[in-house]
Structure formats: structure tokens, C-alpha cells
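Down below is the structure, laid out as C-alpha cells.
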Amino acid sequence: MTTTPQAARRASPRRRRPSAPDPSAGLLPQAEPVRLLNPDGTLLPARADYPEPPLEALREMYRRMVVGRRFDTQATALTKQGRLAVYPSSRGQEACQVGGVLALRDDDWVFPTYRESMALTARGIDPVEVLTLLRGDWHCGYDPARRCTAPQCTPLATQCVHAAGLAYGESYQGRDTVALVYIGDGATSEGDFHEGVNFAAVFKAPVVYFVQNNRYAISVPLSRQTAAPSLAHKGVGYGVPSEQVDGNDPVAVLAVLNRAVAHARAGKGPFLVEAHTYRMEPHTNADDASRYRDAEEVEAWRDRDPLTRLEIYLRGRNILDDAAVAEIAEQAETSAAQLRERMNTEPTVDPLSLFDHVYAQPTPQLVEQREQVRAELAASEEDA
Ligand SMILES: Cc1ncc(C[n+]2csc(CCOP(=O)(O)OP(=O)(O)O)c2C)c(N)n1
Ligand SMILES: [Mg+2]
């Protein structure tokens with residue numbers, strides 16, 4: 001019987017070659033989301049890869065989370081009073097909302113979605129300016145350039161590309177600015193997510209892609225969204241180091257984001273973080289979440305409340321006591337009352353301003369439409 005050379009090679013015992021380094025080493029997320037606090041607020045053993053942030057920073061995180069949650073409840077109430085057109089709540093996602101902005105400097109850039117109103121108020125932007133878009137008054141209530149904060153993005157994932165471009169431009173000009181992109185689980189299925197991450201990786205743009213996996217894209221559960229082992233694994237295919245974190249553990253969220261931001265700032269390119277969290281409220285006030293998820297699921301997540309978890313921890317470390325908790329609660333109440341009052345005044349908006357800032361050079365169609373609106377307004381004034 002004759003054997004072919006190929007068959008002979010297959011039959012011979014393999015010689016061991018020195019193993020080549022695994023090109024994905026250092027890119028893959030850990031198998032379990034990083035966690036530093038137990039759900040009951042007790043501290044897990046310290047770990048070298050993610051040092052605990054300073055207690056003062058965590059106390060400030062707690063304060064902004066309490067104020068943020070109160071803001072969120074108030075905004076939801078304003079939709080019921082007809083003062084806001086729509087509001088996507090981020091209740092339950094406070095650790096991510098606040099952690100994302102606390103990890104940044106004021107001159108770093110934030111690229112938020114519609115769900116990040118809480119993050120933007122935590123960044124110090126006037127809450128009425130934050131809600132301007134959702135109130136339907138104007139394009140964006142704050143000055144993006146002055147606040148280093150892009151307008152809240154409703155088209156899913158387009159901000160991933162904008163952030164890559166901005167961050168690349170900043171580093172090209174020799175600045176060490178970092179851009180942090182907030183994005184949802186569902187939006188990681190969009191082409192723009194992949195294009196943005198790929199561009200950032202190839203050009204080493206300092207972007208942190210921060211995925212808040214709140215388990216749903218409106219009514220679509222994660223299991224119908226992706227077959228990936230985790231959303232963090234999506235970074236590896238583009239050569240982007242990635243990590244997953246317990247998004248309801250404020251200490252871990254801040255620790256992981258601090259490392260991701262430091263990585264980007266050091267010129268090592270983008271970093272992808274997936275935070276496992278849960279949206280406690282419906283998608284927006286216009287959604288009925290009971291049609292696609294049951295009450296037991298929501299209740300189970302209530303036990304993992306990020307605020308309670310941080311409060312217990314900080315009390316245990318003697319950096320928070322009854323008096324401080326009461327004082328912070330009062331601050332939150334005062335700012336909610338001010339927001340309520342200010343949102344109850346009718347804004348005056350010039351309808352023609354709708355056409356401003358759409359393009360640097362308006363298109364002929366836009367010029368025509370503007371003229372049409374102007375003529376209609378003039379005619380209605382004559383009638384009055
Ligand atoms: C390009 C695009 N497609 C569809 C929509 C409609 N839409 C709005 S929110 C949403 C779900 C997004 O889910 P996810 O990314 O998980 O973010 P979450 O709302 O849960 O924060 C969809 C499909 C949109 N805004 N943009
Ligand atoms: Mg989602």
C-alpha cells in the first residue's frame with residue numbers, strides 16, 4: 001500500500017513548535033464581569049488589576065447618583081404633566097451614568113445617547129438645558145463645544161463614528177483628550193458601532209466605548225440581539241482591549257473606567273467596556289414594559305440596586321453617616337424642586353430657528369422650507 005506524503009505527515013507524531021504568542025492575549029475580557037463590591041455592599045478581596053478608587057471619589061459618586069436618581073424621577077413626572085415630550089429613564093443605571101463622567105476630565109469629550117440625561121446633569125450641565133431636546137424646544141439645549149459634550153444622539157450608534165473622528169483629531173493636534181461613548185446593548189448591532197470601533201483601533205484614537213448592557217433594546221431581549229459570548233468580546237475582532245464589569249457595582253464601574261480612560265489617554269488606542277446592568281423603568285414613558293418582561297425579573301434586579309450597595313459600603317467605611325445621607329437627600333430634593341419650577345414656564349422659541357445649524361450651507365430645499373414657514377407665520381400674524 002502506498003501512502004501519499006500528506007498522509008505520511010498526518011500520521012507522523014507532531015513535532016512541538018515553540019508556541020507563538022496569542023495575538024488576542026490582553027484583548028479578551030475576563031470570563032466574569034469585574035466586581036469589587038458584593039451585592040450586599042461588602043468589599044471583595046482587593047485585586048491588583050483594578051485598584052479601588054479613592055473613598056472621596058466614591059462619596060462624590062454617591063452624591064451624584066442620589067441627585068441623579070431624583071432628577072430622573074422628576075423628569076418622568078414631567079412627562080405625565082405634559083412638560084416633557086418623552087423621557088427615557090436611566091433608573092437602575094446610576095453607577096454607569098455617573099461613573100462614565102467621573103472617570104473623565106472636564107476637557108474630555110462625552111458622546112451620549114438619549115438615555116444619558118442623568119450623566120449630563122452629573123457632568124454639571126444645567127438640567128433644563130439637558131432636557132431641552134426631550135422637551136422638543138430646540139436641537140440641543142447646551143453648547144456642545146463649551147461643555148465638551150456632543151448632543152444626545154437618537155439615531156443609534158452614529159456617535160461611535162463621531163467620537164472616533166473627534167478623538168483622532170484631538171490626538172493629531174497633540175492633545176491628550178479622551179472621548180467616552182455611551183452606547184446601549186442593542187446599538188452594538190448597528191454598522192456604525194463596528195465602523196467606529198474599527199476606525200478608532202486602526203488610527204489609535206483615544207476612545208472609550210462604554211456599552212451599558214441593560215438587557216433590552218426596547219422590547220428586544222439580549223438573547224435575540226446577539227450570539228456573542230459577551231458584548232465586550234466584540235472589541236477583540238478589531239484589536240481593541242475589552243472588559244466586562246458589574247454595572248450595578250459603582251466601585252467596580254469607576255475602577256474599570258479609570259483604567260480604560262488611562263489606557264486611551266496614554267496613546268494606546270480605544271478600549272471597550274461592557275457594563276451589565278438593568279433598566280428598571282420602561283424604555284420611555286411611551287412604552288409598556290409589562291408586555292415583554294415579567295415583574296419577577298424586575299424585582300430580582302431591585303435587590304442589586306447600585307445606590308443601596310454604595311451607601312452600605314460607604315457607611316461601613318465611615319465616610320457616610322445619617323447626617324450626610326440626609327444632607328445629600330435634601331440637595332437632591334432642592335434641585336428637583338428647582339427643575340420642576342423652571343420646566344413649568346412656557347419657553348419662547350422662534351420657529352424659524354429650527355432651520356439654524358442644520359448645515360453650514362443650507363440646502364436649496366431647506367431655504368425653500370424656511371421661506372414657506374416664514375410666509376405662513378407672517379400670514380397668521382396678519383389674521384390675528
Ligand atoms: C438607527 C436607528 N434604528 C432604530 C432606532 C429606534 N430605536 C430607538 S431606541 C432603540 C433601542 C436601542 O436599544 P439599546 O441600544 O439597547 O439602548 P437602550 O435604549 O436600552 O438604552 C431603537 C431600536 C433608532 N433610534 N435609530
Ligand atoms: Mg439596551
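Quick one: which of 200-206, 80-86 comes out on top by average Cβ neighbours within 10 Å, and what's the full order, highest first?
Working: 200-206: 21.3, 80-86: 13.9.
With the highest mean Cβ count within 10 Å placed first, the list reads 200-206, 80-86.
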Label model pair Val373, Thr348: point-to-point distance (7 angstrom along the Cα→beta-carbon line) in nm is 1.8
Tell me the relative contact order for the chain as a rounded percent, counting alpha carbon contacts under 8 Å between residues six or more apart.
23
With all protein chains present, how much of the accessible area of the chain (probe radius 1.4 Å) comes from carbon and sulfur, to the nearest whole percent?
52
Using only Cα atoms, tell me the angle between helix 250-265 and the longest principal axis of the chain; keep it within 0 to 90° and round to the nearest 10.
80
Positive end of the dipole of the chain, charges at C-beta (+1 Lys, Arg; -1 Asp, Glu), about the Cα centre: which of Cys140, Trp109, Val128 has its Cα farthest in that direction?
Trp109
When the chain is fully extended, how far beyond the present Cα-Cα distance does Phe203 get from Arg146, taking 0.36 nm per residue of separation?
17.9 nm
Cα gyration tensor, region 129-288 - rounded (a/c under 1.5), prolate or oblate
oblate
Classify region 59-110 as rounded, prolate or oblate from the Cα gyration tensor: take a ≥ b ≥ c as the square roots of its eigenvalues, call it rounded if a/c is under 1.5, otherwise prolate when a/b beats b/c and oblate if not.
prolate
Using alpha carbons only, how many angstrom separate the centre of region 34-83 from the centre of region 300-373?
16
Cα-based Debye curve of region 281-332 sampled at q = 0.20, 0.21, 0.23 Å⁻¹ gives log₁₀ I(q)/I(0) of -0.79, -0.81, -0.86
Based solely on C-alpha atoms, express the radius of gyration and the Dmax of region 283-384 in angstrom.
25.0, 69
Distance from a point 7 Å along Cα→Cβ of Thr334 to each backbone N in region 63-105: keep the residues under 20 Å and list them by number.
63-75
When you take every Cα atom in region 202-322, what is the radius of gyration, and what is Dmax, the widest Cα pair distance, in Å?
16.9, 50
Of 311-317, 17-23, 155-161, ordering from highest average Cβ density within 10 Å down gives 155-161, 311-317, 17-23
Taking only Cα atoms of region 32-145, what ratio of Rg to Rh do you get with Rh as the Kirkwood inverse-distance radius?
1.03
Å³ per residue enclosed by the Cα convex hull of region 149-213:
71
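Roughly how many debye, to the nearest 20, is the charge dipole of the chain about its Cα centre, given +1 on each Lys and Arg Cβ, -1 on each Asp and Glu Cβ, and no other charges?
2360
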When only alpha-carbon atoms count, how far does region 61-216 stretch along each of its three principal axes, as whole angstroms with the largest first?
48, 31, 30
Treating the angle as unsigned and between 0 and 90°, give the value, to the nearest 10°, between the Cα long axis of helix 322-343 and the longest Cα principal axis of the chain.
50
With the chain treated as a Gaussian network of Cα nodes joined by springs under 10 Å, which of Val367, Val273, Val256 yields the largest mean-square fluctuation?
Val367
Full extension from Gln173 to Arg293: what is 0.36 nm times the residue separation minus their Cα-Cα distance, to one decimal in nm?
38.4 nm
Specify the residue with the greatest mean-square fluctuation among Asp72, Asp294, Asp107, computed from a Gaussian network of the chain linking alpha-carbon atoms under 10 Å apart.
Asp294
Where Rh is the Kirkwood radius over the Cα pairs of region 205-258, the temperature 37 °C and the viscosity 0.692 mPa s, what D in µm²/s does Stokes-Einstein return?
261
Enumerate the calculated ³J(HN,Hα) couplings along region 353-364 in order (Karplus 6.51 cos²θ - 1.76 cosθ + 1.60, θ = phi - 60°), each rounded to whole Hz, writing x wherever the residue is Gly or Pro.
5, 4, 8, 6, 6, 6, 10, 4, 10, x, 6, x
Enter the accessible area per residue of the chain (Å², integer; probe 1.4 Å; all protein chains in place).
51
Just how far, in whole angstrom, is region 214-290 from region 170-203 if you go by their alpha carbon centroids?
14
Let me check the size of the chain from its C-alpha atoms; what are the radius of gyration and Dmax in Å?
24.1, 104
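The values are calculated or read from the model by the stated rules, or taken from the named source; none is laboratory data. If you're wondering where the values come from, they're calculated on a predicted model, not measured in any experiment. Cβ atoms come from the backbone with ideal geometry, glycine included; neighbour counts cover every protein chain shown. Calculation scope for accessible area: heavy atoms of the full protein, side chains included, ligands and nucleic acids excluded. Shrake-Rupley method; radii C 1.70, N 1.55, O 1.52, S 1.80 Å.
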